[in-house]
1. At 1.4 Å probe size, put W29, W87 in order of accessible surface, largest to smallest.
2. At a 1.4 Å probe, what is the % contribution of carbon and sulfur to the accessible area of the chain?
3. Using only the Cα atoms of the chain, construct the convex hull and provide its projected area averaged over every direction, in square nanometres to one decimal.
4. So if I take the alpha carbon set of segment 110-195, get Rg, then get Rh from the Kirkwood formula, what is the Rg over Rh ratio?
5. Starting from the Cα of Q151, step 7 Å toward the Cβ, then list every residue of segment 8-31 with an amide N under 19 Å from that point.
6. Report F201's accessible area, 1.4 Å probe, all protein chains in place, as a number in Å² to the nearest 10.
7. Note down the accessible area of D191, probe 1.4 Å, to the nearest 10 Å².
8. Summing -39500 (n - 2.57) over the DSSP H runs of n ≥ 4 in the chain and dividing by its residue number, what mean residue ellipticity at 222 nm do you reach, to the nearest 500 deg cm²/dmol?
Amino acid sequence: MAISLQKGQRVDLTKGNSGLSQIMIGLGWDPVEQKKGGLFGGLLGGGKAAEIDCDASVLMLDENNKLVSNKNLIYFGNLRSSCGSVWHTGDNLTGDGDGDDEEIIAVLSQIPANIHKLLFVVNIYDCVRRKQDFGMIENAYIRVVNSSNNQELIKYNLTENYGGKTALMVGEIYRHGSEWKFGAIGEGTQDTSLGEIIKKF
């Protein structure tokens, strides 16, 4: 059974999962369906969900919480870390469909010793021009799966109202001695691009 987390909770990934090496981090979300008003809207059924292009990224941070190199930023424009231990499986432009919208693979045993944390963020592409924010998204989650047996280890559903927020710090995987832990963050920010997010690191 996967452990279901609340905001702020932390859990040990590797304890009880001996030999855990490769994990898949899945991120998912759905656009909120826009309700059509008026008599005809009611007769014709529900509205159509807006197309919102959310982008999942991971920042590979050192022990001082710093992004030392842009090669340690994994996103749709740089799908694989220079060390090869973390990669993004590709961009989803709409959020439509069931299951994970974007997936990131991490081989924990190959992450360089100077990397202490993987920070997972999601931002809305072109949010200012499109006038979009995370109040237009529902059912957002992050989950961690053991790649060797497809067992879901952790799931964190982001249930807060993120209206007015254009980026989310979703969760983090970090070193604790020789083990790896997961922390559920769930913080919304008003960063309008990935570039604005990484300036903080």
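1. Ranked from most to least accessible, the order is W87, W29.
2. Details: 4800 of 10080 Å².
Of the solvent-accessible surface of the chain, carbon and sulfur hold 48 percent.
3. Mean projected area of the Cα convex hull: 12.1 nm².
4. Ratio of gyration radius to Kirkwood radius: 1.04.
5. 11-26
6. Approximately 40 Å² of F201 is accessible to the 1.4 Å probe.
7. Counting only protein heavy atoms, D191 exposes about 10 Å² to solvent.
8. Computed ellipticity for the chain at 222 nm equals -1500 deg cm²/dmol.
The values are calculated or read from the model by the stated rules, or taken from the named source; none is laboratory data. Quantities reported herein were computed from a predicted structural model and do not represent experimental measurements. For neighbour counting, all protein chains shown are included, and Cβ atoms are generated from backbone atoms with ideal geometry for every residue, glycine included. Please note that ligands, DNA and RNA were not included when accessible areas were found on the heavy atoms of the full protein model with its side chains. Shrake-Rupley method; radii C 1.70, N 1.55, O 1.52, S 1.80 Å.
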